1. When you scan region A:126-145, how many residues do you find that are within 10 Å of another protein chain (Cβ to nearest Cβ) and buried (at least 24 other Cβ atoms within 10 Å of the Cβ)?
2. Can you pull out every residue in region B:27-47 that is more than 7 Å from chain A (Cβ to nearest Cβ) and surrounded by fewer than 21 Cβ atoms within 10 Å (Cβ to Cβ)?
3. Can you name every residue in region A:259-280 that is out of contact with any Gly (no Cβ under 7 Å at 6 or more places or on another chain) and among the acidic types (Asp, Glu)?
4. Can you say whether B:GLY290 is within 14 Å of chain A (Cβ to nearest Cβ), in a helix (DSSP H, G or I), under 25 Å from A:GLN87 (Cα atoms) and touching a residue at least 24 places away in the same chain (Cβ under 8 Å), as far as the supplied structure shows?
5. Could we say that B:ILE53 is under 30 Å from B:VAL27 (Cα atoms) and touching a residue at least 40 places away in the same chain (Cβ under 8 Å) here?
6. Find the helices (runs of 4 or more DSSP H) located wholly in region A:230-304 whose residues include 1 or more that are more than 30 Å from A:LYS48 (Cβ to Cβ), at pLDDT 90 or above and of a type in the set (Val, Ile, Thr), and list them.
7. Here is a check on your reading of the model: is B:GLN255 within 14 Å of chain A (Cβ to nearest Cβ) and over 30 Å from A:GLN83 (Cβ atoms)?
8. Can you tell me which residues in region B:229-260 are in a helix (DSSP H, G or I) and surrounded by fewer than 24 Cβ atoms within 10 Å (Cβ to Cβ)?
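The values are calculated or read from the model by the stated rules, or taken from the named source; none is laboratory data. Being a predicted model, the structure only gives us computed values, none of them experimental. Note: ideal-geometry Cβ built from the backbone for every residue, glycine included; neighbour counts use all protein chains shown.
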Amino acid sequence: MSLTKALRTSAVLSAALVVTLTVGSCGASSDSATTSGSPDAGSAAAEKNISLILGTISDDFYKAVECGAKLEAEVKGVNLDVQGPAQFDAALQIPIVNAVAAKSPQAIIIAPNDSGALMPPLKAAVDGGAKLVLFDTNLDDTSLAAGHIGSDYVLYGQQGAAKLAEIIGDEGSVLGIFSPPGVSTNDLGRKGFQDELAKHPGIKLLPFEFSSGAPGKSAAIVSAVLASKPDLKGIFTFNGGDAQGVVTALREAKAADQVSFVSGDAQPFQVDQLQQGLVKALVIQQARTMGKTAVDFAIRAIDGEQVPAETALPTLVGTLDNLTEPDVADNLYKGC
Amino acid sequence: MSEVVLKLRKLVARPTTTMLLILVAVVVVFAVLAPSSFPTTNNLRGVLSDAAILLVLATGATYVIITAGIDLSVGSVLVFSAVIGAKAMEATGGGGASSILAGLVGSMAAGGAWGLLNGALIAKAHVPPFVATLGSLGAAYGLALVISGGVDVRSVPSGLVEFGNGRVLGIPVLAIVALVVAALFGVVLALTVFGRRTYAIGSNPESARRAGINVDLHLMQVYAIAGLLAGVGGFLSLARYGTTTISGNTQTNMQVITAVVIGGTSLFGGIGWMLGTTIGVFIPIVLANGFIILGVVPYWQYVAVGMVLVVAVIVDQRRRIRQAN
């Protein structure tokens, strides 16, 4: 019994091995053609290999970035390989960086999961000859990268505050939900939000509450504030992940008519909420443009050109009225 | 049939051997498919570094699972220990050898304490291991957030980070540390009375008790080892990343359990080898590494690892059925 099983296992393994050996040899020969770069193979030598490492593969924002990058790579005729951890977790992303570096791509585009922990593996990749372009999140030492592309997060917060003020008619209490202090994007957004509301004397800004995209948390926050602040008129969440919690809490308290909600991000479920009137406006990062620009920068860096060290794309305000306009429609967070 | 053939039969039939064959096959396949990038020294170094911390954790988990227990808390305990270690280094200051030592002691003490707590809950309060360590999973993570204020402690001495990313004879230091830890605890498991008692408790705690083994004490020691090694893992994590990665390590416990089970340790207890665990740590890491090099869509990596895990459990089940007959 045990011997037959062992034999069967070995047989299956060796069969699989033979098959893959045959397939592999074809793959290997084409592989060496592109990488060896012999002088007569002009087109092969000019081929550019770029690896895109997302913050996490399970996020609509990154899927939209991936889409923009893929479309641009097609236009420019470069090879784009997309990878990413299942969760936003440095311990999961570092092995991916190591494996990508082993392929020696000419450029790596990455949204680092941690500004410090990703430094050593990315430095090793850069030392190995890869150009580095950062998007969304950043590193402690930006000198390692050719450039970083993000959104204008101060504007993000400002637009959220301005739109909310407009909707509630410049009157009443307003609640802002952001990630806890220390998350740079949220810190900037909070500043923009606060500064903008300071220009609206009729509005009272309640103390900030903190949630990093956990709907359960944001629902609990909104329920508690609704109970204690009857004059609450507006809510803004920086992280789209918190939107579901806010909508749920407003529905449970039957307060959706009195309280207007504006959210950051534009994941598919948020666009549905906008169409249903559950959220009045979305502040949208130009995700596809970010992916497109990152690929452009990577190509320029490979060609030895300078790229801007810091690029902040303006955010957009999406409402029911402009949802189908190309600017907004193209940048909704969805893959392609 | 000659004795040699019989011995060979037994060897091939062992699940560890099956898994070793799978690992070798996977390596060969990737080496053939990506000859210019997979079988390189740099990539091998990367794989070894990626495996190091998981191997240290899986070493402790092997003991726990052999006792038919489970430890879900290792990832959180790792984060907690890293925070304590970083705070200890911050408090002692200077960034010299003495403050690094303080960090190591801090991390190990923190990890060991959680392990002891797990052990006490399981052995003395008779909380099932799944529930006890699920509790610690949340509590350790929460306390790590409380102590750090939710912000990663980044003031790790640069000397420690240099050590963590350094090499000896071309081999990553972390990998050497991990292999030494695994070898040490592997020998203890295979050759000492402590190891034999661990197997005995996993096979049948009641008969172990009647045979005069202090089962409660032994279980507490086993969970303390797992916690202590999670503490070591936390310190190694500081050395590798230079920060506490508070929001990270969410999947570490599942990665560790996957590795131990792939390595042929039975979730029903009483069976397991450290060599198997070592192989079990490498299979998912090599699969992920090779798939990324080949440019396979990331989602498939999880499918492949899941399939290997299920195959490992099928092998284990068949052996149990065979033995029962």
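1. To start, the set of residues in region A:126-145 that are within 10 Å of another protein chain (Cβ to nearest Cβ) comprises A:128, A:140.
Going one step further and asking which of them are buried (at least 24 other Cβ atoms within 10 Å of the Cβ), we end up with none.
Residues that pass the stated criteria total 0.
2. B:VAL27, B:ALA31, B:PRO39, B:THR41, B:LEU44, B:ARG45
3. Matches in region A:259-280: A:ASP272 only.
4. Values: within 14 Å of chain A (Cβ to nearest Cβ): yes; in a helix (DSSP H, G or I): yes; under 25 Å from A:GLN87 (Cα atoms): yes; touching a residue at least 24 places away in the same chain (Cβ under 8 Å): yes.
Yes; evaluated as a whole, the condition is true for this residue.
5. Working: under 30 Å from B:VAL27 (Cα atoms): yes; touching a residue at least 40 places away in the same chain (Cβ under 8 Å): yes.
Answer is yes for this residue.
6. Numbers: elements: A:243-252, A:268-275, A:287-302.
Correct list: A:243-252, A:268-275.
7. Working: within 14 Å of chain A (Cβ to nearest Cβ): yes; over 30 Å from A:GLN83 (Cβ atoms): no.
Taking the combined requirement at face value, the residue does not satisfy it.
8. Our first condition is that a residue be in a helix (DSSP H, G or I); within region B:229-260, this holds for B:229-241, B:252-260.
Selection gives B:MET254, B:GLN255, B:ILE257, B:THR258.
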